[in-house]
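Working notes, beginning with the structure itself.
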Amino acid sequence: MIAAIAVLTAVSCNRQVEFGKSPINKVVAAMTLEEKVNLLVGVGAWNGNDIAQEITDAKNLIPGCAGQTYPIPRLGIPSVMLPDGPGGLRINPTRQNDEKTYYCTSFPVATVLAQSWNQQLVEEVGTAIGDEVKRYGADCLLAPALNLHRNPLLGRNFEYYSEDPVISGKTAAAMVRGVQSNGVGATIKHFALNNQETNRMANDVQIDEQTARELYLKGFEIAVRESQPWAVMTSYNKINGTYAPENATLIDSILRQEWGFEGMVMTDWGGGRDAIATVQAGNDLLMPGSANQIKAIIEAVQNGTLDEKTVDRNVAKILSFIARSPKMQGYEFLNDPDLEAHAKVSRSSATEGMVLLKNEDALPLAANCSMIALYGVSSYDMYVVGTGSGSVNYKHAVGLDEGLKAAGYKLEPSVYNSYSKYVEEHKQAARPGNFMRTGLTNHVIPQSLVRKPFQYRADAIASDIAIITIGRSCGESADRGYEGDYTLTDIEQGLIKDVCDAFHSKGKKVVVILNIGAPIETASWKSQPDAILLAGLPGQEAGYAVTDVLKGDVNPSGKLVDTYVVDFNKIPSTANFPVNARELQSRVRANRNNPDAKPVALYDYTEYKERMDIGYRYFDRHPEMVSYPFGFGLSYTTFTYSEPQAAVTDGIVTLSVKVTNTGAVAGKEAVQVYIEAPKGGMNKLTKELKTYGKTALLQPGESQVMEFKLSEYDLAGFDAASSSWKTVNGEYKADFAASSQDIRSQASFTIAEAQSFTAIGKL
Ligand code: BGC
């Protein structure tokens, strides 16, 4: 089919019209139906690299690029390149018959960036990622991703920002602004409600309108309003019965008409079932597309079931998108990103996204600390990014052993030898070019590395301090497991206990590093070590960045963007999350040949019965169930909050608070602003994070006044009955907080008149 169309385009030449010079409607008018439909349906790794090679100039081909648009040379329409993804550009690092390498920088994953609470820093990371996109010849990044962390076991949590929509939306907006400052595009994804990987291509999310609007769509709304991304990628799942890419309410009414999105909408790879419904819903580009879709769309236009004007509308959106691309701006790429400069950005952003969860006089490492007993497979081969399309083909990941040695520390030889030998022997799986796997297959510590009590005692005598790293990866296509993934294994529990016993008996400290992609169980063991540092999946400079924090070269200022709970089973979404995906799958398989089988809950459909009770919105009412609250993070210094102020002028609320560094070292503070709405209005059960900011590096004794602005719309709740956003009148409280459970200062303000903002479309 595609070859035939190429012949057709070559003969029906129209020289008067040229893309880039002629108005878009003229270009659309000059296109044949086949050309239009070819453009609607993209090209990519999923539907055959041979097609990509056939239609792309050799110099423009990017091996490993997830997808591209179909070119129409006779009208001057180029093929634009659409690579992943959230942790950095993902393309193949090597090419056939080419000695040059094409490595990309692995930056801290989305959750770590969000933990910085620093939008300017995220923008800098975005600027560096966008630079690699441009210099490697691509046009629009398939990132950032901002679905909510509905449950800690969601496989793709690392690629997403937070349990909270405001931090998700603002962090995504900062990333988009940074990427797009290079003149390349960014894509926010997966729109919307892709909150589980189990049966992700067909799962039907059943959700009420208020919860959808206030939580799961809110981040996308903020990102669209604050950054106008070039593209939006729809999700695989259904929402209340309709596939997201086939959902006109979602795409046309909400995204375009209500939020004012001006860019292009594309499917996720292979998303949606009905190509015609997808085109009609306003999902412009079908990625990476198939010959069957091309055939179906052409036939539908020819037999009158699909209006060609609808095709034209979508084609025009795609052309406007292509018109902005570096290809159309005549940019000549040289494959020359400054990877060294970007490694520095990766390192500094990683340090700012790490969260110090506990510190009893253990950190920063004492000046006379010299010999470290370094335990844990992940200390020697850190997970730096998750798996799947969000992985990155970086050149080298810095282990914690490497980072500590580079900073001048010695590693206790017998511990070092046993772990490093094990890692060396199992390194074969640690191929950064591997799409679905990064680092070792299994970082869970094997029995063979468990030491005898006398060895731990000897380690404690020989060393100044112990460091244990617990590693957990996660990734696309599968949700995480509970036993031994969310929870620690018996061996890990035993290691923490044995090391703490041995070192504490010699008056020495133990530090635990969490090298994890999403929350794990902490309550059962956190009392034992002296310090706990959440490093997350911190990007390729991992070992250097952790060392910077341990040593005190960087004062930690990250704060949690998720609630770490005492009991996983008390998380409201757990009752309706596919915790046991394997068992579900076998039930589905058993049902396959049974025509009377009912849809399987959590596989075929998932009811979001917990409604708004996600993360701190629920656990603020149950603080005893929290191990570490949302927004929490320690520093090597202390801060006070004073002079809270609030004023309303012309519908804009201006809030401010003074933050002072009262400790002995310089540091930054993430200031969170939660709003308590008047009681009885809009069914708000808790305070809600509405805005936040990060101070500059404050020297001891130094202060900074942090100012925030909110509109009346920002304060609104969604009223499903009237399908409108409503801001109630009355007295509101602004809580200036160091965490969701640590309100330091409060101001109140009054909204004199209730406001209502009409919504367009009902999900
Ligand atoms: C993922 C997307 C990704 C696309 C292209 C899909 O499987 O869900 O996030 O952008 O593949 O690699």
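The values are calculated or read from the model by the stated rules, or taken from the named source; none is laboratory data. Nothing here was measured: the structure is a model prediction, and the numbers come from that model. Counting neighbours? That spans all protein chains shown, and the Cβs are built from the backbone with ideal geometry, glycine included.
It is to be established whether one or more residues within segment 249-259 are within 16 Å of the ligand (Cβ to nearest atom), under 20 Å from VAL176 (Cβ atoms) and either at pLDDT 95 or above or part of a helix (DSSP H, G or I) (or both).
no
Only one of these is of a type in the set (A, V, I, L, M, F, W, C), touching a residue at least 12 places away in the same chain (Cβ under 8 Å) and assigned to a helix (DSSP H, G or I): VAL554, VAL549. Name it. Steps first, answer last, please.
On the way: VAL554 fails: assigned to a helix (DSSP H, G or I).
Only one candidate qualifies: VAL549.
Give all pairs with beta carbons closer than 7 Å in which a residue from segment 691-705 that is of a type in the set (Lys, Arg) meets a residue that is surrounded by 15 or more Cβ atoms within 10 Å (Cβ to Cβ); count only pairs at least 6 apart in sequence or on separate chains.
Close Cβ pairs (under 7 Å, with a partner that is surrounded by 15 or more Cβ atoms within 10 Å (Cβ to Cβ)) amount to LYS694/TRP117; LYS694/ASN118; LYS694/LYS668; LYS694/ALA670.
With within 16 Å of the ligand (Cβ to nearest atom), modelled with pLDDT under 95, under 29 Å from GLY85 (Cβ atoms) and of a type in the set (D, E, K, R) as the only criterion, which of ARG431, ARG437 stands out?
Going through ARG431, ARG437 in turn, the sole match is ARG437.
Of all residues in segment 534-545, which are under 18 Å from HIS443 (Cα atoms) and either outside any loop (DSSP other than H, G, I, E, B) or polar (S, T, N, Q) (or both)? Working first, answer last.
Step one: list which residues in segment 534-545 are under 18 Å from HIS443 (Cα atoms), which gives 534-540, 542-543.
If the condition is that a residue be under 18 Å from HIS443 (Cα atoms) and either outside any loop (DSSP other than H, G, I, E, B) or polar (S, T, N, Q) (or both), then LEU534, GLN540, ALA542, GLY543 are the ones that fit.
Of everything in segment 25-68, what is acidic (Asp, Glu) and at pLDDT below 90? Give them in sequence order.
Those that are acidic (Asp, Glu) and at pLDDT below 90: ASP50, GLU54, ASP57.
Checking the condition within 27 Å of ASN203 (Cα to Cα), in contact (Cβ under 8 Å) with a residue 40 or more places away in the chain and assigned to a strand (DSSP E or B), which residue from VAL265, VAL279 passes?
It is VAL265.
Looking at GLU352, is it within 19 Å of the chain's Cα centre (by Cα), acidic (Asp, Glu) and not in a loop (DSSP other than H, G, I, E, B)?
Details: within 19 Å of the chain's Cα centre (by Cα): yes; acidic (Asp, Glu): yes; not in a loop (DSSP other than H, G, I, E, B): yes.
In short, yes.
Please work out which residue is nearest to the chain's Cα centre (by Cα), limiting yourself to segment 260-277 and to residues that are away from the ligand (no atom under 16 Å from the Cβ) and crowded, with 24+ Cβ neighbours inside 10 Å.
Going through the qualifying residues, I end up with PHE261.
Mind checking which residues of segment 497-548 are among the acidic types (Asp, Glu) and crowded, with 24+ Cβ neighbours inside 10 Å?
At the first step, the residues of segment 497-548 found to be among the acidic types (Asp, Glu) are 498, 501, 521, 530, 541, 548.
Hit for segment 497-548 is GLU541, nothing else.
Taking the condition among the acidic types (Asp, Glu) and touching a residue at least 12 places away in the same chain (Cβ under 8 Å), does GLU583 pass?
Answer is no for this residue.
Is it the case that segment 139-156 has a residue that's away from the ligand (no atom under 16 Å from the Cβ) and in contact with a strand residue (DSSP E or B) (Cβ under 6 Å, 6 or more places away or on another chain)?
The answer is no; no qualifying residue exists.
Restricting attention to segment 209-232, and to residues there that are touching a strand residue (DSSP E or B) at 6+ places or on another chain (Cβ under 8 Å) and farther than 24 Å from GLY185 by Cβ, which single residue is farthest from the ligand (Cβ to nearest atom)?
Going through the qualifying residues, I end up with GLN210.
Can you say whether SER235 is touching a residue at least 24 places away in the same chain (Cβ under 8 Å), within 16 Å of the ligand (Cβ to nearest atom), polar (S, T, N, Q) and touching a Lys or Arg at 6+ places or on another chain (Cβ under 8 Å), as far as the supplied structure shows?
Criteria met by SER235.
Mind listing just one residue for me: the one in segment 369-388 that is within 16 Å of the ligand (Cβ to nearest atom) and crowded, with 24+ Cβ neighbours inside 10 Å and, of those, farthest from ILE465 (Cα to Cα)?
GLY386
Just give me the residues in segment 461-489 being closer than 25 Å to ALA362 by Cβ and either without any contact (Cβ under 8 Å) to a residue 24 or more places away in the chain or part of a loop (DSSP other than H, G, I, E, B) (or both), in sequence order.
SER463, ASP464, THR487, LEU488, THR489 - these are the residues of segment 461-489 that are closer than 25 Å to ALA362 by Cβ and either without any contact (Cβ under 8 Å) to a residue 24 or more places away in the chain or part of a loop (DSSP other than H, G, I, E, B) (or both).
Starting from residues that are of a type in the set (Ser, Thr, Tyr) and either assigned to a loop (DSSP other than H, G, I, E, B) or over 25 Å from the mean Cα position of the chain (by Cα) (or both), keep the ones in segment 645-691 and report whichever is surrounded by the fewest Cβ atoms within 10 Å (Cβ to Cβ).
Here the residue is THR649.
Which members of segment 157-167 meet the condition of being in contact with a Leu (Cβ under 6 Å, 6 or more places away or on another chain), within 15 Å of the ligand (Cβ to nearest atom) and assigned to a helix (DSSP H, G or I)?
Selection gives PHE158 alone.
Can you tell me how many residues in segment 65-94 are surrounded by fewer than 22 Cβ atoms within 10 Å (Cβ to Cβ) and either within 13 Å of the ligand (Cβ to nearest atom) or under 26 Å from LYS344 (Cα atoms) (or both)?
Number satisfying all stated conditions: 3.
Among the residues in segment 346-354, are any touching a helix residue (DSSP H, G or I) at 6+ places or on another chain (Cβ under 7 Å) and more than 23 Å from ASP530 (Cα to Cα)?
yes
Could you list, in sequence order, all residues of segment 178-208 that are among the small types (Gly, Ala, Ser), away from the ligand (no atom under 15 Å from the Cβ) and in contact (Cβ under 8 Å) with a residue 60 or more places away in the chain?
GLY183
Hey, can you tell me all the residues within segment 278-311 that are surrounded by 19 or more Cβ atoms within 10 Å (Cβ to Cβ) and modelled with pLDDT under 95?
Once the filter is applied, which keeps residues that are surrounded by 19 or more Cβ atoms within 10 Å (Cβ to Cβ) and modelled with pLDDT under 95, segment 278-311 yields PRO288, GLY289.
Quick one: THR127 ticks every box in (1) within 16 Å of the ligand (Cβ to nearest atom); (2) modelled with pLDDT of 95 or more; (3) within 29 Å of VAL166 (Cα to Cα) bar one, so which box is it?
Among (1) within 16 Å of the ligand (Cβ to nearest atom); (2) modelled with pLDDT of 95 or more; (3) within 29 Å of VAL166 (Cα to Cα), the lone unmet condition for THR127 is (1).
Looking only at segment 237-259, which residues are surrounded by fewer than 23 Cβ atoms within 10 Å (Cβ to Cβ) and among the hydroxyl-bearing types (Ser, Thr, Tyr)?
Result: THR242, THR249, SER253.
Residue check: is ILE461 among the hydrophobic types (A, V, I, L, M, F, W, C) and out of contact with any Ser or Thr (no Cβ under 8 Å at 6 or more places or on another chain)?
Details: among the hydrophobic types (A, V, I, L, M, F, W, C): yes; out of contact with any Ser or Thr (no Cβ under 8 Å at 6 or more places or on another chain): yes.
For ILE461, the condition - among the hydrophobic types (A, V, I, L, M, F, W, C) and out of contact with any Ser or Thr (no Cβ under 8 Å at 6 or more places or on another chain) - is met.
Do you know which of the residues in segment 445-468 that are closer than 25 Å to ARG480 by Cα and buried (at least 18 other Cβ atoms within 10 Å of the Cβ) is modelled with the highest pLDDT?
Per the criteria, the residue is ILE468.
Suppose the filter is of a type in the set (Lys, Arg), modelled with pLDDT of 95 or more and more than 16 Å from the ligand (Cβ to nearest atom); does LYS170 pass it?
Here the answer is yes, as LYS170 does meet what is asked.
What about CYS104, is it of a type in the set (A, V, I, L, M, F, W, C), within 16 Å of the ligand (Cβ to nearest atom) and either in contact with a strand residue (DSSP E or B) (Cβ under 6 Å, 6 or more places away or on another chain) or under 18 Å from ARG472 (Cβ atoms) (or both)?
Criteria not met by CYS104.
Among (1) at pLDDT 95 or above; (2) loosely packed, with under 14 Cβ neighbours inside 10 Å; (3) assigned to a loop (DSSP other than H, G, I, E, B), which single condition is ASN442 missing?
(1)
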